[in-house]
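J.: I have a structure I would like to understand better, so I am pasting it below and will then ask my questions one at a time.
The values are calculated or read from the model by the stated rules, or taken from the named source; none is laboratory data. The structure presented is a predicted model; accordingly, all values stated were derived computationally and were not measured. A quick note on method: Cβ atoms are made from the backbone with ideal geometry, for glycine too, and the neighbour counts reach across all protein chains shown. We work out accessible area using only protein heavy atoms, side chains counted, and drop any ligands, DNA or RNA first. Shrake-Rupley method; radii C 1.70, N 1.55, O 1.52, S 1.80 Å.
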Amino acid sequence: MLTKIQLANLDCPACQKVTQNLVGTIPGVTKVSASLETQIVEIEADREIAKDEIKEVLKADEIFSQFEIS
């Protein structure tokens, strides 16, 4: 299953890498791709991943406390 989220302010390679690593820890996630150009994160998983679950994982990291996730 493919889930996409918009991650406003995703504009640096370090944040891109952290995003991919954090979202990749969600059970069932098989692949994460975060684009600096579009600020879209694509998550492939073997189950449906709720956007609230993604938000919870990202917001747990202080870096993302100021990011708008939709």
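J.: Given contacts defined as C-alpha pairs under 8 Å and at least six residues apart, what's the relative contact order of the chain, whole-number percent?
T.: Relative contact order of the chain: 42 percent.
J.: From the phi angles alone, apply the Karplus equation (6.51, -1.76, 1.60; θ = phi - 60°) to the range 4-18 and give each ³J(HN,Hα) in whole Hz, x where the residue is Gly or Pro.
T.: Calculated HN-Hα couplings, in order: 10, 10, 9, 10, 4, 6, 6, 9, 9, x, 5, 5, 4, 5, 4 Hz.
J.: Ignoring everything except DSSP H segments at least 4 long, calculate the 222 nm mean residue ellipticity for the chain; use -39,500 (n - 2.57) per segment, divide by total residues, nearest 500.
T.: -8500 deg cm²/dmol
J.: Measuring with a 1.4 Å probe in the full set of protein chains, what accessible area per residue, in whole Å², belongs to the chain?
T.: With all protein chains present, the chain gives 61 Å² per residue.
J.: Report the FRET efficiency, 1/(1 + (r/R0)^6), for A8 and R47, where r is their Cβ-Cβ distance and R0 is 35 Å, rounded to 0.05.
T.: After rounding, the FRET efficiency stands at 0.85.
J.: Throw me the Rg/Rh for the chain, computed over C-alpha atoms with Kirkwood Rh, two decimals.
T.: Taking Rg over the Kirkwood Rh, I get 0.91.
J.: Another one. I'd like the FRET efficiency for T30 and K59, computed as 1/(1 + (r/R0)^6) with the beta carbon distance as r and R0 of 22 Å, rounded to 0.05.
T.: 0.45
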